[in-house]
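Contents: one structure, followed by commentary.
Any read-out appearing in this document is the output of simple, stated calculations on the displayed coordinates, not a laboratory observation. Bear in mind the structure is a predicted one, so any value in this text is a computation, not a measurement.
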Amino acid sequence: MAELVAAMAAAGLASSIITFLQAAYDVGTRTAKFARTAGELPSDLKATKELIDIIARTAERLKSKLPRAGISGPPTQKEMDLNATFQRLTSLVNDFLSILDMIDGKNPLWKAWKSVRKEREVSNIRTELDRVILSIVQILMEGLQSSTDDLK
């Protein structure tokens, strides 16, 4: 029984050491990326930022082309759905930008540490952005479908 407990403790210790080494490797890799890019964002975060900028500009253009809710009566369900989806998109963009602000700093090690700690949040934001974009497309396609049906 004591041997089993000792074996389990050794396995737990080994697992902790592996986790620590993985985290240290991630921070080291990210530090090297920040150092190589002379303080700029690594390519993955830079690409995400550029994509989010494009999405935000496109969403603003779409919003400006939509009829204003309440002008010709109460808002339709489509208008309410699009408004809620655009609000979620704006929230995600702001969340990502606040993460970038947290990562900002002069010290590459500090940036690396922060960016490694925020990787999961960035990944979640990317996933949620995909869902929001699909929702917008679906709502707009439903509107197009009903417009097409009216022509028949």
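Would you mind checking K46/K118; K46/K78; K46/K114 for any pair whose Cα atoms are more than 26 angstrom apart?
K46/K78
3J(HN,Hα) couplings calculated from phi for region 79-92 with the Karplus curve 6.51 cos²θ - 1.76 cosθ + 1.60 (θ = phi - 60°) are, in sequence order, 4, 5, 5, 5, 4, 5, 5, 5, 5, 5, 4, 4, 4, 5 Hz; Gly and Pro show x.
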